[in-house]
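**Student:** I am attaching a structure below and will ask some questions about it afterwards.
The values are calculated or read from the model by the stated rules, or taken from the named source; none is laboratory data. Since the model is a prediction, treat every value here as computed from it, not as a measurement. No Cβ is skipped: glycine too gets one built from the backbone with ideal geometry, and neighbour counts run over all protein chains shown.
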Amino acid sequence: MSDVIVPCNGCTLCCRTQMVMLFPLYDDLASYDHVILQTTKGAIPVLRRKKPSGECVYLGEHGCTIHDRAPRMCREYDCRIVYAKDMQRPRAERRRMLKEGSIDRALFERGRELIEQCRDQQTPDLGVTGTT
């Protein structure tokens with residue numbers, strides 16, 4: 001598990017928008033409500049979504065209901081890293097992907113916001129610079 005502390009502060013945006021893959025080497029599949037997604041690369045276990053809006057089945061009114069045993073992907077997800085990776089794309093490609101929705105705009109903006117907070121607090125910020 002990552003030692004990075006993600007400053008979510010109650011944000012559940014990734015719980016509302018991201019597909020959560022389960023990793024059999026790290027996650028006890030039997031303990032999660034999941035489905036098997038068939039892809040061209042094989043079968044991938046993913047957490048079941050509970051609403052058409054895409055929210056995680058374990059997202060409750062006050063946040064994650066399984067926080068103490070959340071899947072590895074949830075424990076290690078950091079929108080700052082997603083933002084940093086997207087910022088490495090050529091600007092035209094990034095803008096196209098944001099426009100078509102293949103980059104989730106809300107998560108992209110949240111990652112940017114958290115990196116800017118790190119800069120303001122003079123803490124390590126993953127070394128990202130640039131604009132949308």
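**Student:** Among the candidates R80, R96, which residue alone is within 21 Å of E113 (Cβ to Cβ) and not in a strand (DSSP E or B)?
**Tutor:** One residue alone meets the criteria, R80.
**Student:** Pairs only if they're at least six apart or on different chains, beta carbon under 6 angstrom, first in the range 38-61 and over 15 Å from C14 (Cα atoms), second assigned to a loop (DSSP other than H, G, I, E, B) and not hydroxyl-bearing (S, T, Y); list them, first residue then second.
**Tutor:** Between residues of the range 38-61 that are over 15 Å from C14 (Cα atoms) and residues that are assigned to a loop (DSSP other than H, G, I, E, B) and not hydroxyl-bearing (S, T, Y), the close pairs are P45/L22.
**Student:** For the range 17-33, enumerate the residues that are at pLDDT below 90 and not in a loop (DSSP other than H, G, I, E, B).
**Tutor:** T17
**Student:** Continuing with the same structure: Search the range 49-75 for residues being assigned to a helix (DSSP H, G or I) and charged (D, E, K, R), and hand back the single one that is surrounded by the fewest Cβ atoms within 10 Å (Cβ to Cβ).
**Tutor:** The selected residue is D68.
**Student:** Further question on the same structure: For the structure I just gave you, tell me whether V4 is under 22 Å from I103 (Cβ atoms), among the hydrophobic types (A, V, I, L, M, F, W, C) and at pLDDT below 90.
**Tutor:** yes
**Student:** If P45 satisfies all but one of (1) over 14 Å from T17 (Cβ atoms); (2) assigned to a helix (DSSP H, G or I), what's the number of the condition it fails?
**Tutor:** Single failed check for P45: (2).
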